[in-house]
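First up is the structure itself, then whatever we jot down about it.
The values are calculated or read from the model by the stated rules, or taken from the named source; none is laboratory data. As the structure is a computational prediction, the values presented were derived from the model and not from experiment. Glycine also receives a Cβ, built like all others from the backbone with ideal geometry; neighbour counts cover every protein chain displayed. We work out accessible area using only protein heavy atoms, side chains counted, and drop any ligands, DNA or RNA first. Shrake-Rupley method; radii C 1.70, N 1.55, O 1.52, S 1.80 Å.
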Amino acid sequence: MSYLSNFTADTGKTILIDVLKTANLPDNAKKLSEAKANSGKEMIKMMQYVFPLVMQLQINVIKDYGFPPNREGLVQFEQIIREFEREDVDIARLRSQIRSIYLPPININSTNDVLI
């Protein structure tokens, strides 16, 4: 597992930036846009149509950095990124940008209604 021995926060940032660039390529952006349109704002449909596209884009990118080109490789990558994200605001921001592709905005009711 040579990719782990020299994996740094900078490597993580580079990979996350590559994932975002890949997602924004015209063909991929079109596929993602169509999947989002078909999903509306329904979380289950987003997970069914958009999430698999994002996963595949990530797998296509991480394989170029030595990760296995499958779900296991993606899980390994995500675990490493989560560790770095705790101490690196750039990694946290980039990961959040990727997550925003497949997670619909969540409206949180900020009023504190108390039922008595």
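Send over the semi-axes of segment 9-101's equivalent ellipsoid, whole angstrom and largest first, taken as the square roots of 5 times the C-alpha gyration tensor eigenvalues.
22, 14, 13
For a Förster distance of 22 Å, can you work out the FRET efficiency between the beta-carbons of Arg82 and Lys21, rounded to the nearest 0.05?
0.55
log10 I(q)/I(0), Debye, Cα-only segment 35-89, no solvent, q = 0.19 Å⁻¹?
Values, matching the q order: -0.75.
Taking 7 Å along the Cα-to-C-beta vector as the label spot, tell me the Thr14-Ala37 distance in nanometres, rounded to one decimal.
3.7 nm
Accessible area per residue of segment 9-101 at 1.4 Å probe, in Å²?
Spelled out: the 1.4 Å probe surface of segment 9-101, per residue, equals 59 Å².
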